[in-house]
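The next block holds one structure in the form of structure tokens; read it before the comments.
A short reminder: the numbers here are calculations on the coordinates, not readings from a lab. Just so it is clear, the structure is predicted and the values come from calculations on it, not from any experiment. Cβ atoms come from the backbone with ideal geometry, glycine included; neighbour counts cover every protein chain shown.
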Amino acid sequence: MTVTQEVRKAVEDTTSWIDDLMQRLGWHESDHAYLALVAGLHALRDALGRDEAISLGAQLPPLLRGLYYEGWHPGQHAAARGRGAFLERIHDGVHRSPAIDAERVARALLALLAARLSAPELENAKAATPPALHYLWPD
């Protein structure tokens, strides 16, 4: 595969994730879905321990993996391990838009991960999620 093909594939994979989240949320604007996807991934990353965050990041498509790690400095951010901090992290990431429900975004993101990760990867991600956030994962 050429570099150009790899870049196109990375963009297609990321676009597919954005489209999937947009559909799960019933939205029509990909810009909002992009912000929600990145905000949700950052909130989840920041809720996990260092090793667990790295493990989850390794499961993401290449371009999405870069977005996931963007701005991450382990140990420099307060962990979003509680419900309020986690949802606030998402709300901040979508520019505090009153039209966007952070909990709905969180549930849709975790459902997206549940649909796209293999069963063992999904179980590891769920197990690594702080107990206060377990209720957000799909059954």
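See the values below:
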read-out: Unit charges on C-beta of K, R, D, E only; dipole of the range 1-129, Debye; value: 240 debye
read-out: Long-range amide H partners of LEU48 with built H, under 5 Å; value: none
read-out: Mean separation of Cα contacts under 8 Å (6+ apart) over length of the chain, as relative contact order %; value: 29 percent
read-out: In Hz, Karplus ³J(HN,Hα) per residue of the range 127-139 (6.51, -1.76, 1.60; θ = phi - 60°; x = Gly, Pro); value: 5, 7, 5, x, x, 5, 10, 4, 5, 7, 6, x, 6
read-out: Theoretical ellipticity at 222 nm over the chain - DSSP helices of four or more residues, -39500 (n - 2.57) apiece, nearest 500; value: -21500 deg cm²/dmol
read-out: Dimensionless Rg/Rh of the chain - Kirkwood Rh, Rg from C-alpha atoms; value: 0.95
read-out: Per-residue ³J(HN,Hα) for the range 30-37, Karplus 6.51 cos²θ - 1.76 cosθ + 1.60, θ = phi - 60°, Hz, x for Gly and Pro; value: 5, 4, 5, 5, 4, 4, 5, 4
read-out: Ranked packing of 117-123, 12-18, 107-113, most packed first, by mean Cβ within 10 Å; value: 107-113, 12-18, 117-123
read-out: Per-residue HN-Hα couplings for the range 96-101 [Karplus 6.51, -1.76, 1.60; θ = phi - 60°; Hz; x = Gly/Pro]; value: 6, 4, x, 7, 10, 8
read-out: Cα lying deepest toward the dipole's positive end in the chain, options ALA58, ALA115, TRP137, charges on Cβ; value: TRP137
read-out: Positive-end residue, the chain charge dipole about Cα centroid, Cβ charges, pick of ALA106, PRO74, ALA39; value: PRO74
